[in-house]
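Encoded as structure tokens, the structure appears first; notes follow it.
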Amino acid sequence: MTSTTTTPAILVLADGRTFRGFGFGATGTTLGEAVFTTAMTGYQETMTDPSYNRQIVVASAPQIGNTGWNDEDNESHDDKIWVAGLVIRDLARRVSNWRAARSLPEEMEKQGIIGIGGIDTRTLVRHLRNHGSIKAGIFSGEAAQRDVEELIAEVKNQPSMVGLDLSAEVSTDEVYTFPAVGEKRFTVVAYDMGVKTATPKNFAERGIETIVVPANTPFEEIKQYNPDGVFVSNGPGDPATADTMVGIVRDILAAKYPFFGICFGNQILGRALGMETYKLKFGHRGINVPVRNQLTGKIDITSQNHGFALASPSGKEDPAGEEFDTDFGPAVVSHTCLNDNTIEGVALKDGMAYSVQYHPESAAGPHDANPLFDQFIELMTEKSPNK
């Protein structure tokens with residue numbers, strides 16, 4: 001791997017805090033919201049997760065790049081890196097993994113992604129934890145030599161994540177089919193709000209053919225596929241802007257289709273049930289977040305990536321197990337985070353619709369929550385409109 005420590009770079013936060021280091025990957029300027037992840041592994045999956053669109057990711061793990069970059073672990077449908085930039089402490093000097101096809105800096109340079117290393121990430125993560133996620137920019141090469149006050153002004157001038165509708169930027173433009181492995185048991189229409197490839201893979205392994213459609217595809221259009229169930233994926237942006245998808249999900253619920261949502265899909269289901277959303281101070285990003293299933297008492301360690309959350313219908317600080325009325329029957333707050341009591345899942349009490357805020361596909365991460373896919377199988381077995 002070619003050394004990149006001679007390339008000057010600076011990370012600039014909108015509050016005036018700056019961190020100087022060395023550039024790697026592409027050279028130039030990138031802007032986004034600075035967020036941190038506590039994941040100790042899985043940087044390739046993180047960087048290719050469309051939910052990280054327009055975000056500059058700070059890795060709290062001290063050394064990044066050890067396993068290089070392979071051609072199997074990308075989570076975007078087109079293998080694209082979606083993070084706006086990457087901030088790390090130490091860049092691995094050599095790649096050490098039998099699957100690696102190239103180094104992390106080589107892939108970042110190929111895709112035009114700017115990184116900065118040599119940063120005191122412990123101090124930076126504490127700053128973001130204390131003050132919240134914030135507008136930021138990475139400037140490398142000649143851009144790093146510009147006047148700092150000028151850089152701060154440029155960082156401040158970028159749009160806030162609040163109010164951004166980003167699903168159209170990451171969603172597929174055309175319908176495509178992910179076939180079932182072995183005998184086909186069910187057909188699921190999946191709304192791509194920024195879907196990770198691990199999700200249709202999990203469906204496929206269970207005999208589900210997944211028809212992936214663009215965000216905001218009208219409900220009347222998906223009926224042509226005769227789905228046994230409907231799924232809404234993870235994705236980036238402010239869920240308060242997703243009025244069109246919320247209306248579509250209300251149509252789906254009214255038509256009594258089995259429904260499953262994750263992450264952004266959880267927020268959309270919640271809004272369809274009459275709940276509101278809000279922006280978290282610094283969000284949940286990592287692969288070690290404890291969540292309690294309030295219906296069973298079981299605790300799962302989960303993979304998460306979100307900066308927004310559902311608000312308690314009654315304003316409770318601890319909404320665990322809270323029940324509330326909706327246009328589609330009684331609903332319940334089914335899951336909560338044990339770190340901060342935020343809502344991690346909602347469900348209709350008749351079982352026809354459920355969603356979670358975390359990632360049961362676990363790419364990367366623990367597999368505690370993987371049975372949520374089997375729950376969808378059970379729901380479609382019992383309630384599919386095609387039965």
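The values are calculated or read from the model by the stated rules, or taken from the named source; none is laboratory data. In this text the structure is predicted, and so the values were computed from the model without any measurement. Positions of Cβ are generated from backbone atoms using ideal geometry, with glycine treated the same way; all protein chains shown enter the neighbour counts. Only protein heavy atoms, including side chains, enter the accessible area calculation; ligands, DNA and RNA are left aside. Shrake-Rupley method; radii C 1.70, N 1.55, O 1.52, S 1.80 Å.
Could you pull out the residue among Phe282, Phe324 that is out of contact with any Cys (no Cβ under 8 Å at 6 or more places or on another chain) and closer than 25 Å to Leu253 by Cβ? Steps first, answer last, please.
Numbers: Phe282 fails: closer than 25 Å to Leu253 by Cβ.
The match here is Phe324.
Kindly indicate which of Ser303, Ser355, Ser362, Ser384 is more than 29 Å from Arg126 (Cα to Cα) and within 17 Å of the chain's Cα centre (by Cα).
Details: Ser303 fails: more than 29 Å from Arg126 (Cα to Cα); Ser362 fails: more than 29 Å from Arg126 (Cα to Cα); Ser384 fails: within 17 Å of the chain's Cα centre (by Cα).
So the residue among Ser303, Ser355, Ser362, Ser384 that is more than 29 Å from Arg126 (Cα to Cα) and within 17 Å of the chain's Cα centre (by Cα) is Ser355.
Looking at the range 265-297, which of its residues are in contact (Cβ under 8 Å) with a residue 60 or more places away in the chain, open to solvent by 40 Å² or more (accessible area, probe 1.4 Å) and among the basic types (Lys, Arg)?
Of everything in the range 265-297, those that are in contact (Cβ under 8 Å) with a residue 60 or more places away in the chain, open to solvent by 40 Å² or more (accessible area, probe 1.4 Å) and among the basic types (Lys, Arg) turn out to be Lys279, Lys281.
Answer yes or no as to whether Leu86 is touching a residue at least 60 places away in the same chain (Cβ under 8 Å), in contact with a strand residue (DSSP E or B) (Cβ under 6 Å, 6 or more places away or on another chain) and farther than 24 Å from Met193 by Cβ. Even if it seems obvious, please write down each step before you answer.
On the way: touching a residue at least 60 places away in the same chain (Cβ under 8 Å): yes; in contact with a strand residue (DSSP E or B) (Cβ under 6 Å, 6 or more places away or on another chain): yes; farther than 24 Å from Met193 by Cβ: no.
So Leu86 fails the test.
For the range 148-228, which helices (runs of 4 or more DSSP H) that fit wholly inside it have 1 or more residues that are touching a residue at least 40 places away in the same chain (Cβ under 8 Å) and either within 19 Å of Ile268 (Cβ to Cβ) or touching an Asp or Glu at 6+ places or on another chain (Cβ under 7 Å) (or both)? Walk me through it before giving the result.
On the way: elements: 148-156, 167-170, 198-205, 219-222.
It comes to 167-170, 198-205.
Test of understanding: among Gly112, Gly117, Gly141, Gly65, which residue is over 19 Å from the mean Cα position of the chain (by Cα), under 25 Å from Ala168 (Cα atoms) and in contact (Cβ under 8 Å) with a residue 24 or more places away in the chain? Steps first, please.
Working: Gly117 fails: under 25 Å from Ala168 (Cα atoms); Gly141 fails: under 25 Å from Ala168 (Cα atoms); Gly65 fails: under 25 Å from Ala168 (Cα atoms).
Just a single option satisfies the conditions, and that option is Gly112.
Residue pairs, Cβ under 7 Å, 6 or more apart or interchain, first in the range 356-378 and touching a residue at least 12 places away in the same chain (Cβ under 8 Å), second part of a loop (DSSP other than H, G, I, E, B) and surrounded by fewer than 19 Cβ atoms within 10 Å (Cβ to Cβ). List them.
Pro360/Asn370; Ser362/Asn370; Ala364/Thr41; Phe373/Arg206; Ile377/Arg206
Quick one: what pairs do we get from the range 243-264, first residue over 18 Å from Phe373 (Cβ atoms), second part of a helix (DSSP H, G or I) and among the charged types (D, E, K, R), C-beta under 7 Å, 6+ apart or different chains?
Cβ pairs passing all conditions: Val246/Arg271.
Which of the residues that make up the range 110-149 are among the hydrophobic types (A, V, I, L, M, F, W, C), open to solvent by 30 Å² or more (accessible area, probe 1.4 Å) and within 19 Å of Arg285 (Cβ to Cβ)? Step through it out loud before you land on a result.
As a first pass, look at the range 110-149 and keep what is among the hydrophobic types (A, V, I, L, M, F, W, C): 113-114, 116, 119, 124-125, 128, 134, 136, 138-139, 143-144, 148.
Among the residues that remain, those that are also open to solvent by 30 Å² or more (accessible area, probe 1.4 Å) are: 134, 148.
Matches in the range 110-149: Ile134 only.
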